[in-house]
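A.B. asks: Quick one: the structure is below, questions incoming.
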Amino acid sequence: MKELLKPIIVLASICLVVTAMLAYVNQITQSVIIKAEEQAAAAARSEVLPDAEKFEKLDISGMPEGVNEIYKASNDAGYVVQVHTKGYGGDIKIICGVGPDGRVKGVKTLSHSETTGVGTKAVDNNSGYRDKFVGKDKQGALAVDTITGATISSTAYKKAVAIALDACKMAGEVKA
Amino acid sequence: MTNLIIILLSAVFINNYVLSKFLGICPFLGVSKKLGSAVGMSLAVIFVMLIATAVTWPIQKYLLDPKDLGYLQTIVFILVIAALVQLVEIVLKRYVPSLHKSLGVYLPLITTNCAVLGVTILNISENYTFLEAMVNSLGSGLGFMLAMVMFSGVRSTIEGSDIPESFRGLPITLIAAAITSLSFMGFGGVIENLFS
Amino acid sequence: MRTLNNFTKGIIRENPVLVLVLGTCPTLATSTSVINALGMGVAATVVLLFSNILISALRKVIPDKVRIPCYIVLIAGLVTAVQMLVKAYAPALNDSLGIYLPLIVVNCIILGRAEMFASKNKVLASALDGLGMGIGFTLALFLMASVREIFGNGTFCGMEIPFLVDNKISIMTMAPGGFLVFGLLIACVNKFGRHKPKKTDFGCEGCPQADVCGKVCANDTKEAVKDD
């Protein structure tokens, strides 16, 4: 009997202790992780819309599909929209700043899983592709050239920017 | 539907687990000497990947996420996979002895195979639906098989050649793997443009 | 003297990556840049150190039958803790290591040392063994990453190197480059290492996990011998 029980007891108690330890570490790090994520998000927002002083999160129902969050600049410098679209390797998450004139101020990729050397020609922040959208409206954004060999990735990127522009137009009409 | 085909094809060719993500290198180098073992090992991997995904995906979505226990992911997944492998072995031995005979020896190897744990975690982090996750697992497994089978052919050719002493064994195997991986990069643009 | 030996053997003579050929997956995957490699090396070293200490301390308590599940739970717990700490205090590293951070769980170096060393030795010796192996792992990663980053990206730790930065061999940072550099490094170790390579081939016979993971390779080896 003892032979049978001992392994079970030992294994179960190890599981218990390890889980308790993880819960403890999680409690400590959780707030730090959230803070770090918020900081990174705030930095990304100011990068794509540098004129804005402060952001206020809008809560509008019926946003186009793919919109995660939309922020309005408190000094009427425009909007910042976080959008995801399906790329080639998975979701592409971008953040897009839009000026009050409805034109793109800046775009930044937050996360992606496109193929290195292929899809990254479009989604990588250093590839120069994102600069092509600055100053474009929806029509202009959709007319940006797709990158040869990375059609799906660049199309997804363009679509994301277009969705962001749509969302801003809606937010402007709603006048939250 | 197109979506699923893209996931499947890119898992096999582009994001090949062995040749571009470097997951499951140990069996890739260790068990690819003979075609028979390569096929057996790959079949066992496909089998376990599918079952593991079918079990871990619901666990994450319906048990860990609602209870805010996402941080237990790694520990739960590896235990589930280890238990599953044991279970599958017992069930196969009891009810399908013929299959057990061909796959049995490979099963215990798989618990600590990073490709299996990798595919279950990636399915969650990529936000796949259940169906997409299953297709991705199937594709990843098939990709593993393709790499293993191709590479066992390459290795049998290497065996018979005259190689400088320092390169004998592992180094030349790795360099052959580099060239195999290079050839897979050619698929890069192909599938991306198939459906556009 | 013997205690010190436990520490130093992992660094060069029994280097886990270049001599024992363990943990190949993270070695190939995270050696694309020096920063990544060091991050991975340190994370794995921390896990290895604590898992060796814990397993050695518990070696009399853990029954033989369930030792592998026990080790896996302990290691997975440590890995998750490290993962949360990295996420909290070095989010950029977490992003670039991605999936390979949780996959430290199945790094064969860690389970291998637990099974081969920590389960049979005292706590201090195991701690030194873990630390030495961890440093050896980090060193090998650093070496590989240096080669790949310098030639593949023209940079070292992000600093640009004149001439090379304009003449990048991009393939080095991609997947094939990983295999290639690793193969060349091991060839160098074979050539210049003081010990002639005993193993002529890669296989499970050299892997400390061979007992754990089954007889498949043993069979393969036997067949190979018969063929000869």
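A.B. asks: For the stretch B:17-189, calculate the relative contact order in percent as a whole number, restricting contacts to Cα pairs under 8 Å that are 6 or more residues apart.
C.D. replies: Details: 155 pairs, mean separation 67.6, N = 173.
Relative CO of the stretch B:17-189 lands at 39 percent.
A.B. asks: Between C:I161 and B:I163, what FRET efficiency follows from the Cβ-Cβ distance if R0 is 30 Å, with the result rounded to 0.05?
C.D. replies: 0.35
A.B. asks: Using a Förster distance of 41 angstrom, determine the FRET efficiency expected from the C-beta separation of A:S61 and A:V32, and round it to 0.05. Mind showing how you got there, number by number?
C.D. replies: Working: r = 33 Å, r/R0 = 0.80.
Efficiency, rounded to the nearest 0.05: 0.80.
A.B. asks: Taking H placed 1.01 Å from N in the peptide plane, check which residues at least 5 places from A:G106 or on another chain put their amide H under 5 Å from its amide H.
C.D. replies: Answer set, sorted by chain and number: A:G97.
A.B. asks: Would you calculate a helix-derived [θ] at 222 nm for the protein assembly as shown, using -39,500 (n - 2.57) for each DSSP H run of n ≥ 4 and dividing by the full residue count, to the nearest 500? Before the final figure, lay out each step's value.
C.D. replies: Numbers: 24 runs with 356 residues, N = 600.
Computed ellipticity for the protein assembly as shown at 222 nm equals -19500 deg cm²/dmol.
A.B. asks: Taking Cα atoms, how many degrees apart are the long axis of helix A:151-174 and the longest axis of chain A, rounded to 10 and kept between 0 and 90?
C.D. replies: 70
A.B. asks: OK, next. If you filter the stretch C:27-96 for trypsin sites (Lys or Arg not before Pro), then keep DSSP loop positions with at most 13 other Cβ within 10 Å, what is left? Kindly include the intermediate steps, with their values, before the conclusion.
C.D. replies: On the way: sites: C:R59, C:K60, C:K65, C:R67, C:K87; in loops: C:R59, C:K60.
Sparse-neighbourhood loop trypsin sites (Lys or Arg not before Pro): C:K60.
A.B. asks: With a point put 7 Å past each Cα toward its Cβ, work out how far A:K2 is from A:S111 in nm, to one decimal.
C.D. replies: 5.1
A.B. asks: Treating the angle as unsigned and between 0 and 90°, give the value, to the nearest 10°, between the Cα long axis of helix A:2-48 and the longest Cα principal axis of chain A.
C.D. replies: Tilt of helix A:2-48: around 20 degrees.
A.B. asks: OK, next. What translational diffusion coefficient, in µm²/s and rounded to a whole number, does the Stokes-Einstein relation yield for the stretch B:17-189 at 20 °C and a viscosity of 1.002 mPa s, taking the hydrodynamic radius as the Kirkwood radius over Cα pairs? If you can, show how the numbers build up before the last one.
C.D. replies: Details: Rh = 17.2 Å.
My calculation gives 125 µm²/s for D.
A.B. asks: Let me ask another. What spacing in nm lies between the two simple spin-label points modelled at A:M21 and C:L4, each 7 Å away from Cα in the Cβ direction?
C.D. replies: 3.1
A.B. asks: Right, something else. Could you work out how far apart the two model spin labels at A:I9 and A:S127 are, taking each label as a point 7 Å from the Cα in the direction of the beta carbon, and quote it in nm?
C.D. replies: So the label points at A:I9 and A:S127 sit 6.0 nm apart.
A.B. asks: Taking each pair of distinct Cα atoms in the protein assembly as shown once, what is the resulting Kirkwood hydrodynamic radius in Å? If you can, show how the numbers build up before the last one.
C.D. replies: Numbers: mean 1/r = 0.0391 Å⁻¹.
That comes to 25.5 Å for the protein assembly as shown.
A.B. asks: So if R0 is 51 Å, what FRET efficiency would A:N68 and B:M150 give, r being the distance between their Cβ atoms, rounded to the nearest 0.05?
C.D. replies: On the way: r = 41 Å, r/R0 = 0.80.
With R0 = 51 Å, the Cβ-Cβ based efficiency is 0.80.
A.B. asks: Could you work out the percent of alpha carbon pairs in the stretch A:49-174 separated by over 26 Å, rounded to a whole number? Provide the component values of the computation, followed by the final result.
C.D. replies: Details: 1244 of 7875 pairs.
The answer is 16 percent, as a whole percent.
Bear in mind that the values in this text are calculations on the coordinates, not laboratory data. Bear in mind the structure is a predicted one, so any value in this text is a computation, not a measurement. Quick reminder, even Gly has a Cβ in these numbers, built from the backbone with ideal geometry, and neighbours come from all protein chains shown.
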